[in-house]
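The next block holds one structure in the form of structure tokens; read it before the comments.
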Amino acid sequence: MQKIAVSVLMSIYVKEKPEYFIQAMESTINQTAQPEEILLVEDGPLTNELYEIIQQYKEKLGEQLTVISLEENQGLGTALAIGVEKCRNSLIARMDTDDIMVENRLEVQYQEFLKNDKLTILGSNIIEFEGTPDNELARKHMPESNEAIRTYSKRRNPFNHMTIMFKKEAVIAVGNYQPLPGFEDYYLWVRLLKENSVSLNLQQTLVYARTGAEMYSRRGGVSYLIPGLKARWIIYKKGLGKINDLLFVSLVHIIISLMPNKLRGSFYQKQLRN
């Protein structure tokens, strides 16, 4: 099968479940258009089981799989920044190691870049699931046009991170991914949009994203509240929003962080999705 000039960028750490990682990898290597490179950043030491799985894929994929090993866990922002620098293609597709691509995801997105040479950031909608993809929890629809994305970014993250394909040189030009736990991607997008990068969200589902009670619990408590407020201030300083946008999202962030986890999950599914 002919490969397309795309690098798929993933970062894996010690707590990833092996079965989730295998599903993510299989959905990548079974794409209708094969990526020329899959770059996997090992963010710190992993379990023996994860190492064994990675070795199996090395033997199966050969030079198509590039593995970068970091001696210590650096966090997602730093791991992805290193990965972006090391990717050998000018188009990079992000993928999480616990999600599942629709089989034609890469082909569909690659064709969009061929049609529009000014395009810089391209995302899509997702279906959120727990357990297996047929256990659908919610659908997350994103703003489609460049202008709608710019407006949306003033208050909320305008892209589903695991669906993104972007131009490497544009990302590096604005400073690449930077450490901002939980907000690394949002922080990057607002810097790109501030530089008038052309963006688009395809109005189709290209990734099944794993979510559920564990994810909702990470979005709550003081450990999420305080860093989140600091992150939103940093994003406000670099993005397109005004002070009223900052005040609104800060208030919503406080309320969500202090909600009981079950209520927070319901809020995400019913109010923050379609």
Query - Charge tally in the Cβ shell below 12 Å around Leu122, where Lys, Arg are +1 and Asp, Glu are -1, Leu122 excluded - result: +3
Report task. Within the range 111-217, report the trypsin sites (Lys or Arg not before Pro) that DSSP leaves as loop and that have at most 10 other Cβ atoms within 10 Å. Result -> Lys118
Query - Per residue accessible area of the range 2-211, 1.4 Å probe, in Å² - result: 42 Å²
Report task. Roll a 1.4 angstrom probe over the protein heavy atoms and tell me the percent of accessible area of the chain that is carbon or sulfur. Result -> 51 percent
Query - Among Ile243, Ile82, Ile164: highest mean-square fluctuation, GNM of the chain, C-alpha pairs under 10 Å - result: Ile243
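Could you tell me what % of all Cα pairs in the range 2-211 have separations over 28 Å? Let's see the in-between values first.
Values: 4694 of 21945 pairs.
Taking all Cα-Cα pairs of the range 2-211, the fraction more than 28 Å apart is 21 percent.
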Requested in this report: Give the long-range amide H neighbours of Val198: residues separated by 5 or more places, or on another chain, with amide H under 5 Å away, using H modelled in the peptide plane at 1.01 Å from N.
Outcome: Thr120, Ile121
Report summary line: What helix-only [θ] at 222 nm does the chain give? Using -39500 (n - 2.57) per DSSP H run of at least 4, over all residues, to the nearest 500, the answer is -13500 deg cm²/dmol
Report summary line: Charge dipole of the range 2-211 built from unit charges on the beta carbon (Lys, Arg +1; Asp, Glu -1), centred at mean Cα; most positive-end Cα among Gln111, Val84, Leu193 is Leu193
Query raised in the report: Of all DSSP beta bridges in the chain, what percent run antiparallel (nearest 5)?
Result: 30 percent
Query raised in the report: Given H placed 1.01 Å from N in the peptide plane, which residues other than close sequence neighbours of Leu137 have an amide H under 5 Å from its amide H?
Result: Glu128, Phe129, Glu130
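The values are calculated or read from the model by the stated rules, or taken from the named source; none is laboratory data. Everything numeric in this text was worked out from a predicted model, so none of it was measured. No Cβ is skipped: glycine too gets one built from the backbone with ideal geometry, and neighbour counts run over all protein chains shown. Remember, those area values only see protein heavy atoms, side chains included, never the ligands or the DNA or RNA. Shrake-Rupley method; radii C 1.70, N 1.55, O 1.52, S 1.80 Å.
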